[in-house]
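Below is one structure, written out as structure tokens; comments come after it.
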Amino acid sequence: MGDHSLRPAETRAQDDDFIAQCSLETLRDRLPLVWPISDGVPPSPKTSYRSHYVYQGWEDLNDPATWEHLSDFDLLLRLIDFSPLRDVLAERLGWTSAKGQVPFDPVSILLLIGWRIVNGWRRSELLRKIHDPRYADYARLFGFADGVFPTEGGLRYWLTTLGRHSQNGDTVTVQLDDDRLTEIAFEVLNDLIAQSVALLLDAGFITPEAWQEALICPDGMIHDAASRLNCGSVTNTCYQPTSLDHPRPCPAQEKGLRGCDCDTLECASVCRRATPRDPQARFIRYRGSNQADSDDEAKHTHQGEPRYGYVSLPLLLADPTRRFHIILMDHFSPASARQEAPFAAQLLRLPSLYPSLHVKDVAGDAAFSYYCALRVIRQVLGARRVTDLRAHDTDRDEAGWPLRGYDDQGRPVCTFGYPFTSNGFDFVKHRHKWFCGRACQNGGEPVVAIEDLPDHPSECPYLLTDTDYGQILNVGFSFDSDGSCRLVRDVAVGSPTWKRLYHRARNASESRNATFQRWGLKRLPVYSEPRAKAFIFLADVWANLSTLARLVREATAATGG
């Protein structure tokens, strides 16, 4: 896996296979990398555009001096031919007819918005720059000509339309912890992310080991809404009309807070303390932990960082050999929405979106350690569960551990209070093997002190077995004793393997979050859920492409080019 005392870029610079596969010298015969699209994408119904993107070539990369002033975005414009995206975007924008106004080429708009995303600019700054003669080369590369550029309203409309067409009616059925079924809408903008992944995969940037023994890392990032918070209790009812006959309820006053009486003309259509430009945004207090149990819930109600907005829930793939990650898919919802069902829905869609991907491990925090997610990881994907543990009141009752058969870390405990030892995971029979090793006879200490119990319980029937393993347990999807899977993990919690996988997943998540913060996406630069959703999904695409550009740059530099 390389020397982890080195930075990832330093590790890659010592990887001969990486340099051989990802440098410009190797890619030269394959350039440009043509944007991959799936079969069955209908041609755009539009016959003319106000701009027209045409790939401009890569030959200037042969001059070493060119690399000195090229950003990763500039490099992508030379490495990739985005032309096939025209039909994909036309479908995503809902275009079905050649009638109507002549639009801009959707590829031109995509590149223009991508330029904005990777530089963290506001929309007004973006338009000032594209109108500036100093950036005429970008206008030409994007396909704009004769000083004809989109307006602020045009860009808003484009993002809004893309976001509103992000769902086509396809849903994924998820079984919740209480056995209820819920339908989660699938975001078709994930197709754009999947196509960016295919670009990296087909060009050899992702190692075969990372793809065939995949480590999937779910995460959540809160994005503050562009609207400023006025009331933390805002709900759907705050956006409904009010009248004397049908007064609008105030969720804040129901909680004993000041709220709003909504008795003025200003509140007739929408509560004046709501945010009509972000009606789906919601308030939460983020504590950075999922471990507070029910007894502590009231105590923690007023603790944590106040956030108002939305949350993105990406699935990441970590490449442990080359030490980078890519985004496989995403989900976007109000910040207060539950995360486990959308996460399970994304896992259920993985095989159809990436048929050749084989998932070996799924590692994430406790927000994803609910039955619906654990079941999909284990029973549908056949992968190991390496998600963090979700606490419960019963875990504090140490005296009950021998009765239920496991401790608060999911480690089996025998009747006499001694812990079992992990003997690894059986990938054929899909079960975690444990053995007691006669700990009571070999100096082991019980994890639970049981009164009137001798140090060496002679009543144990496993003291006389023929092997040194003593009692052997095979834990499958759940514990046999109580049928619970909440603490069942397929890698022993706290073991070196657990720490390696979990820390690798956290590094991937933190890297994506750091990139988005650098691009100014901790607070969204656009209003409304459809526009914000489209912006975040496009940012995911450009995050993957920026990784591609960075890898090419590093590999080429390592060759002396």
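Observations, loosely collected:
- Eligible aspartates and glutamates near residue 129 by straight Cα distance, threshold 12 Å, same-chain separation 8 or greater: 137
- Average Cα contact separation per residue, region 436-530, under 8 Å, 6 or more apart, as relative contact order %: 18
- The longest part of the chain holding none of the exposed loop GluC sites (Glu not before Pro), meaning those outside H, G, I, E and B in DSSP with at most 11 other Cβ atoms within 10 Å, is 69-450.
- Cysteines in the chain that lack a partner Cβ within the 4.7 Å cut-off: 22, 217, 231, 250, 260, 372, 414, 436, 440, 460, 485.
- Once the gyration tensor of the Cα atoms in region 93-222 is diagonalised, the equivalent ellipsoid follows with semi-axes of 34, 22, 15 Å, ordered largest first.
- Net length gained if the chain between residue 399 and residue 366 were fully extended (0.36 nm per residue, minus Cα distance): 9.4 nm
- The share of Cα pairs per 20 Å bin across the chain, counted from zero up to the longest distance, runs 18, 46, 28, 7, 0 percent.
- Within the chain: Cβ-based charge dipole about Cα centre, in debye rounded to nearest 20 (Lys, Arg +1; Asp, Glu -1): 1960
- Taking trypsin sites (Lys or Arg not before Pro) across region 413-499, the ones in a DSSP loop with at most 11 further Cβ atoms lying within 10 angstrom of their Cβ are 429.
- Among the listed pairs 429/522; 46/533; 360/533; 433/522; 46/522; 433/533, those beyond 32 Å (Cα-Cα): 429/522; 433/522; 46/522; 433/533
- Solvent-accessible area of region 416-561 (1.4 angstrom probe, protein heavy atoms only): carbon and sulfur portion equals 49 percent.
- Taking trypsin sites (Lys or Arg not before Pro) across region 146-233, the ones in a DSSP loop with at most 12 further Cβ atoms lying within 10 angstrom of their Cβ are 180, 228.
- The length gained by stretching the chain between residue 497 and residue 358 to full extension, at 0.36 nm per residue less their Cα-Cα distance, is 48.1 nm.
- The separation of region 391-407 from region 211-271, counted between C-alpha centres, amounts to 39 Å.
- For the chain: relative contact order, % (alpha-carbon pairs under 8 angstrom, 6 or more apart): 19
- Taking all Cα-Cα distances within region 333-431, those exceeding 22 Å account for 43%.
- Put a plus charge on the Cβ of each Lys and Arg, a minus charge on the Cβ of each Asp and Glu, and nothing anywhere else: the dipole of region 139-209 about its Cα centre is then about 500 debye.
- Accessible area of residue 271 in the full protein assembly, 1.4 Å probe (Å², nearest 10): 10
The values are calculated or read from the model by the stated rules, or taken from the named source; none is laboratory data. Owing to the predicted nature of the structure, the values given are computational and were not obtained by experimental measurement. A quick note on method: Cβ atoms are made from the backbone with ideal geometry, for glycine too, and the neighbour counts reach across all protein chains shown. We work out accessible area using only protein heavy atoms, side chains counted, and drop any ligands, DNA or RNA first. Shrake-Rupley method; radii C 1.70, N 1.55, O 1.52, S 1.80 Å.
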